[in-house]
Amino acid sequence: MKILLIEDDQSVGEMLKQVLTTQHYLVDVATDGQAGWELAETFEYDLILLDLILPKLDGIAFCQQRRSQGDTTLILLLTAQDTSSNKVLGLDAGADDYVVKPFNINELLARIRALRRRGSSASSPILVWQDLHLDLKSWEVTYGGQLLNLTAKEYALLELFLRNHHRVFSQSALLDHLWSLNEFPTENAVRDHIKSLRRKLKQAGVPSLIETVYGLGYRVKTPDTEAKEPETETGEANLPAAMVSLPPPIDLAEIWERVKPQYVDRIAVIEQAIVTLQTGILDESLRHQSQREAHTLAGSLGSFGFEAASQLAQKIEQRLKVNPLNERDIEPLLQLVDSLHHALATPEESSPASLLNGEKPSSQPQILEQPFHVGSPQGTRLSLGRSIRLLIVEDDPALVERLSIAANAWGMEVQTVTNFAHARKSIDAAPPDIVLLNLNLPGSSESGLTLLTELTATQPPIPVVVLTAEASFADRVNVARLRGRGFFQKPIAPTQVLEAITHILRPLVPLQSKLLIVDDDLPLLEMLCEVLEPWGFQLTVLSDPHQFWMTLEQVVPDLLILDVEMPGINGIDLCHVVRNDARWHNLPLLFLSAQTDPATIQQVFMAGADDYVSKPIVAAELIARVLNRLERSQALRKLADIDALTQVANRRKAVYELNRLLQVAGHYQQPLCFALLDLDHFKQVNDQHGHAGGDKVLVYLSELLKQYLGSENIVARWGGEEFVVILPGVAQEEVMRRLTEVREIFHHHQFLDSRQQVFGVSFSGGIAMFPVHGIDLQTLYQAADSALFRAKAVGRNRICEA
């Protein structure tokens, strides 16, 4: 379970993180609401543990905004404010539960477990896979009565797989689920833990449980009896005690000794306010600061076991809120502060001080050479002015209409025919890019397989996607033998068909993927360039491995090719270097070597390689392996980073890229542009021309931005009708020129809706520059948003600078 803890009291945050971590939870910590928001936007969490009073963005506003965006992540509020109205306010804002400071650690953990059960379909604390039992209450794992001794990470891996036994987890997904932000594991770590877990399961006699899905990741192998979660807890008490290594007890005393000076400093602020009050002049800012310190003490001290001290701090806070404060309040405040010091010096039964004196609490919880570049030649391209031509051979008018509307929204030209003879005439007149073919048209004595045979025999072959109502296995085999590119059985959603079509046609667009090749054999490098260059790759080749890291960061390749044997630093060393950096977890890595002995091959894959090509190089094999690796990598990236409709980056990817590019811009002192674009009156477009018309507008704008801004810049759909563009190293004047050109072209473009009505749309924009208008995502976005607001206010269809 992954938890986001948002707490501005660093001492409490540290204590909670240690407690939760030793309970096998993964914890990321933010010290203000805005930082927490950015983490929640970027990563997926199972629970958000949220303080109510926070700098920058308070807990109530945080809850409301997360829920308004459809975020269903469990939220547990923590606060020192215990009035009923505050509880109601927090729950109405969307929180799932509410815990008042000071809280009992056991109660907090119990509430987290309760929320976890509520947010899960599991009704039993036991996960079962054949004779393998995983007990969620005691972290016990057994197989046929045999005890398994797993590490905490191995246990977490096993639990994740058994809870999600139909899901394939990539190595990056496992890293996201099982490691926190302050850990820096590599995918080698995932492989090592998987290997160790498999070994221990095999030693215990467990049949092969975790299988590798080539190119995708890992999943639970489906047995005769799948992983199940029983409805009752019958037999639970009879399970043998196969324990994961038990964690040590919570060491609050050690944490308290480390953070105690911070709390003494907070009390000193209150004492300073009292002394100032004695002089008759209490500065209002000092008064508010002392109130905040008292509030923090009230909420925090109880969590360290000082309940009496927490109550005293609450009384001090209440006294400081009296308005006006006068000399009658001085003596009570002095007495309360004196009592507070005494309470912290006198050990309570469950306080950290009592632990230091050797006492045990009644119920203590258990925790546990220079590179050169080869340019890319012009390849076949489906540009904006040449949209994809789709021929639909189908006699169902309702299905044809749905497919046509959806395809038009995706920027495709659609032609429809209802029989095979008309299909041949249409193809002879203007060959389409792809054909969607119904195999069995009513009233036709001919099978669609005949037309499929003809189309795949043309030069170049025309790709065909088959659609049929009655899909026999024989049909599937025949379509595959005739080189059909897709097979769908009705009924089918149009978006599924169109996603398959765009995937099939992707090779028609130049790959323009960046390849970095490192080999000390210069003649071989020249040969590799001759083989790979015609395929449209942007090649960077390097013969000196000592310059590898600098070149890697400059090029940011899509695929890396390494020679095994090189002087000084070999390819396996470089592979380890790459996999040890979190930024390159998913970089496809292919090895070249004249050594084909099993030991070398094993060493290569253990280092983190994805593929291996033996020398001498066979050109066709090398190209096939490179294309295969790139396609798999791009498919996985697309699932996580690409907006399905517009095919530009999504918000998550934009946030990641902006943060990365800001680091580069700061390091090299280069400018960076962040522009925010918003379609004008877009709701009216959807209302008047339908969502298919609106989708067409979104797709066209994204294509236009990609074409005019270039592949080296980031275009992303931020949400709804809002886009962002990120242009590193480009001056503000040049950005304004490019975006103005896009705006004018877009404004004059005419769209056609499903009722053949013509309409036009405009957009407005705001531009902010790093470092002039901001140095991080938040400040740049605010500056660009303010500029966008001005553009809207003065009439729309314009771009303003911050």
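The values are calculated or read from the model by the stated rules, or taken from the named source; none is laboratory data. Bear in mind the structure is a predicted one, so any value in this text is a computation, not a measurement. Neighbour counts run over all protein chains shown; Cβ positions are idealised from the backbone, glycine included. When the accessible area is computed, the model is the full protein with side chains, heavy atoms only, and any ligands, DNA or RNA have been set aside. Shrake-Rupley method; radii C 1.70, N 1.55, O 1.52, S 1.80 Å.
General observations
- Complete set of residues in the stretch 560-588 that are among the aliphatic types (A, V, I, L, M), under 20 Å from LEU525 (Cα atoms) and touching a helix residue (DSSP H, G or I) at 6+ places or on another chain (Cβ under 6 Å): LEU562, VAL564, MET566, ILE569, ILE572, LEU574
- Test result for GLN670, over 26 Å from PHE43 (Cβ atoms), in contact with a Gly (Cβ under 6 Å, 6 or more places away or on another chain) and part of a loop (DSSP other than H, G, I, E, B): yes
- Residue within the stretch 687-702 that is over 21 Å from ALA406 (Cα atoms) and buried (at least 18 other Cβ atoms within 10 Å of the Cβ) present: no
- Going through (1) at pLDDT below 85; (2) within 23 Å of GLU553 (Cα to Cα); (3) part of a helix (DSSP H, G or I) one by one, ASN586 falls short only on (3).
- Screening ALA353 on (1) modelled with pLDDT of 60 or more; (2) surrounded by 14 or more Cβ atoms within 10 Å (Cβ to Cβ); (3) not hydroxyl-bearing (Ser, Thr, Tyr) shows it passes everything except condition (1).
- Residues that are part of a helix (DSSP H, G or I) and open to solvent by 60 Å² or more (accessible area, probe 1.4 Å) within the stretch 322-345 comprise GLU327, ARG328, GLU331, LEU334, GLN335, ASP338, HIS341, HIS342, ALA345, listed in sequence order.
- Test for ILE504: is it in contact with a Pro (Cβ under 8 Å, 6 or more places away or on another chain) and either open to solvent by less than 30 Å² (accessible area, probe 1.4 Å) or part of a strand (DSSP E or B) (or both): yes
- When the stretch 20-42 is filtered for residues that are surrounded by 22 or more Cβ atoms within 10 Å (Cβ to Cβ), at pLDDT below 85 and in a helix (DSSP H, G or I), the ones remaining, listed by number, are LEU20, ALA40.
- Subset of the stretch 270-285 that is open to solvent by less than 60 Å² (accessible area, probe 1.4 Å) and either under 47 Å from the mean Cα position of the chain (by Cα) or of a type in the set (Asp, Glu) (or both) - its residue that is farthest from ASP338 (Cα to Cα): ALA273
- Contact map, the stretch 665-692: first residue at positive phi, second residue small (Gly, Ala, Ser) and outside any helix (DSSP H, G or I), Cβ cut-off under 8 Å, separation 6 or more or different chains; pairs are GLY690/SER754.
- Residue match in the stretch 513-524 (condition: surrounded by fewer than 17 Cβ atoms within 10 Å (Cβ to Cβ), modelled with pLDDT of 85 or more and part of a helix (DSSP H, G or I)): no
- Unmet criterion (only one of (1) crowded, with 19+ Cβ neighbours inside 10 Å; (2) at pLDDT 80 or above; (3) over 38 Å from the mean Cα position of the chain (by Cα)) for LEU391: (3)
- Beta carbons closer than 8 Å, at least 6 apart along the sequence or on distinct chains, pair a first residue in the stretch 694-721 that is under 15 Å from SER764 (Cβ atoms) with a second that is at pLDDT 90 or above and in a loop (DSSP other than H, G, I, E, B) for VAL697/VAL761.
- Entry remark, the stretch 658-690: residues being within 19 Å of HIS749 (Cβ to Cβ) and either basic (Lys, Arg) or out of contact with any Phe, Trp or Tyr (no Cβ under 8 Å at 6 or more places or on another chain) (or both) number 5 in total.
- The residue that is surrounded by the fewest Cβ atoms within 10 Å (Cβ to Cβ), among those in the stretch 43-56 that are more than 17 Å from the chain's Cα centre (by Cα), assigned to a loop (DSSP other than H, G, I, E, B) and hydrophobic (A, V, I, L, M, F, W, C), is ILE53.
- Scanning the stretch 746-798 for residues that are small (Gly, Ala, Ser) and open to solvent by 40 Å² or more (accessible area, probe 1.4 Å) yields SER754, GLY760, SER786, ALA793, GLY795.
- Matching residues, the stretch 541-560, being of a type in the set (D, E, K, R) and farther than 17 Å from PRO588 by Cα: ASP544
- Test for ASP8: is it part of a loop (DSSP other than H, G, I, E, B) and of a type outside the set (Ser, Thr, Tyr): yes
- For the stretch 425-449, a tally of residues being open to solvent by 60 Å² or more (accessible area, probe 1.4 Å) and in contact with an Asp or Glu (Cβ under 9 Å, 6 or more places away or on another chain) returns 3.
- Matching residues in the stretch 401-421 - criterion: being more than 18 Å from GLY443 (Cα to Cα) and at pLDDT 85 or above: GLU401, LEU403, SER404, GLU413, VAL414, GLN415
Residues checked against (1) under 11 Å from ALA675 (Cβ atoms); (2) under 30 Å from the mean Cα position of the chain (by Cα):
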position	(1), (2)
LEU698	no, yes
ILE714	yes, yes
VAL724	yes, yes
SER754	no, no
GLY760	no, no
GLY774	no, yes
SER786	no, yes
PHE789	no, yes
